[in-house]
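The values are calculated or read from the model by the stated rules, or taken from the named source; none is laboratory data. On a predicted model such as this, the values are computed, not experimentally measured, just so you know. All Cβ positions, glycine included, derive from the backbone under ideal geometry; neighbour counts span all protein chains shown.
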Amino acid sequence: MFTLSYYYWFTIYRVQQSSTIYPALKRGLAMLNKKQSRWKITGHDIAGYVFISPWLIGFLLLTLWPILQSFYLSFTDYSLLDSPTWTGTDNYESIFTKDRLFMKSLTVTFTFVLLAVPIKLFFSLMVAILLNKKVRGLNWYRTAIYFPSLIGGSIAVSALWRNMFGLDGYVNHVLSWFGIEGIGWISNPDTALGTLILLNAWQFGSTMVIFLAGLKQIPKDLYESASVDGASKLRQFFKITIPMLSPVMFFNLVLGIINAFQMFTSAFIITQGGPANGTYMYVLFLYEKAFKQYEMGYASALAWILLVIIAAFTAINFLVSKYWVFYESDGGKAK
């Protein structure tokens with residue numbers, strides 16, 4: 001016992017005398033104590049948990065639990081009236097192999113996304129560039145242009161749009177002044193989807209404000225230097241404005257695609273998916289399965305398929321962004 005104790009204290013003494021081992025050991029013990037102190041709950045920590053508990057409880061009960069429940073229901077036969085019956089992948093197999101409306105709604109939605117998103121981004125950017133100029137009454141113009149985006153997705157505006165483009169609507173009434181015979185913009189399969197795309201483009205206020213904020217961040221020195229070098233306004237737009245604004249464009253593009261895939265209110269109020277399923281959006285198809293046919297399990301499977309589609313488009317956008325998005329902090333393209 002005496003020998004073991006002697007060697008123990010002798011080893012500690014030698015470690016302390018070492019100029020290389022002791023500092024390292026001391027730093028290691030300090031890091032260990034620091035990690036242990038991180039797990040020590042103080043009164044401030046408890047107060048913080050109390051303040052975030054309403055949000056945390058709401059997230060767990062109103063967001064996370066419905067998501068998990070929806071994933072489970074997608075593998076069941078559930079109609080709200082009976083208990084869920086496990087069916088495995090039958091819902092997914094039926095969607096991809098038997099349901100023609102699935103492919104129709106997906107085709108219509110893809111068409112809407114491919115047309116509506118670029119048009120909305122283009123108009124938003126052009127208006128933002130105009131509002132970035134120094135003109136009299138600029139604040140009034142900004143407010144007037146942004147205002148429709150506040151009510152653009154409401155039921156009232158969708159109903160107004162339906163009255164405007166109906167057979168006896170305001171648009172045809174204005175066309176009659178010039179001797180042009182109007183058509184049923186909503187009842188015509190060739191123009192029904194176009195009216196929804198036009199409504200989506202009209203709701204460009206939020207996107208425009210984001211573009212305008214990005215334009216304000218571009219240094220004026222770049223334009224002044226380009227002007228001194230003889231660069232035209234068009235060349236400055238493509239060589240300065242577009243590259244410097246590309247992160248904002250990328251942000252609006254991702255959000256625009258996500259929102260376009262979930263377009264529902266306008267199609268439901270204005271056309272109800274018609275005519276001839278020409279505006280039968282994917283979310284409208286999902287809604288009818290869930291709340292008209294009460295096939296909750298089937299609708300849950302449709303919702304998860306939509307989630308995968310949106311996630312895939314978002315991932316592709318992030319992968320492709322490194323080839324065209326310019327980040328000034330990195331001094332070049334995105335990583």
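Numbers for the structure displayed
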{"quantity": "Residue list for the range 296-335, restricted to those being part of a loop (DSSP other than H, G, I, E, B) and either surrounded by fewer than 19 Cβ atoms within 10 Å (Cβ to Cβ) or modelled with pLDDT of 95 or more (or both)", "calculated": "LYS322, TYR323, TRP324, GLY331, ALA334, LYS335"}
{"quantity": "Of residues in the range 177-227 being loosely packed, with under 13 Cβ neighbours inside 10 Å and closer than 22 Å to PHE147 by Cα, the one farthest from the chain's Cα centre (by Cα)", "calculated": "LYS216"}
{"quantity": "Filter result (surrounded by 10 or more Cβ atoms within 10 Å (Cβ to Cβ) and over 14 Å from ALA299 (Cα atoms)) within the range 69-86", "calculated": "THR85, TRP86"}
{"quantity": "Complete set of residues in the range 43-85 that are in contact with an Asp or Glu (Cβ under 7 Å, 6 or more places away or on another chain) and modelled with pLDDT under 90", "calculated": "SER79"}
{"quantity": "Tally, over the range 228-251, of residues that are within 24 Å of LYS120 (Cβ to Cβ), surrounded by fewer than 17 Cβ atoms within 10 Å (Cβ to Cβ) and of a type in the set (Gly, Ala, Ser)", "calculated": "0"}
{"quantity": "Residue pairs meeting the criteria (Cβ under 7 Å; at least 6 apart or on separate chains; first within 23 Å of THR314 (Cβ to Cβ), in the range 251-280; second assigned to a loop (DSSP other than H, G, I, E, B) and at pLDDT below 90)", "calculated": "THR265/GLY153"}
{"quantity": "Of the criteria (1) among the aliphatic types (A, V, I, L, M); (2) over 30 Å from PHE112 (Cβ atoms); (3) assigned to a loop (DSSP other than H, G, I, E, B), which one MET263 fails", "calculated": "(2)"}
{"quantity": "Tally of residues being in a helix (DSSP H, G or I) and touching a helix residue (DSSP H, G or I) at 6+ places or on another chain (Cβ under 8 Å) across the range 202-236", "calculated": "18"}
{"quantity": "Residue satisfying condition, being closer than 30 Å to ARG100 by Cα and in the same structural domain as PHE313 (by TED's automatic domain parsing), within set LEU198, LEU212, LEU222, LEU245", "calculated": "LEU198"}
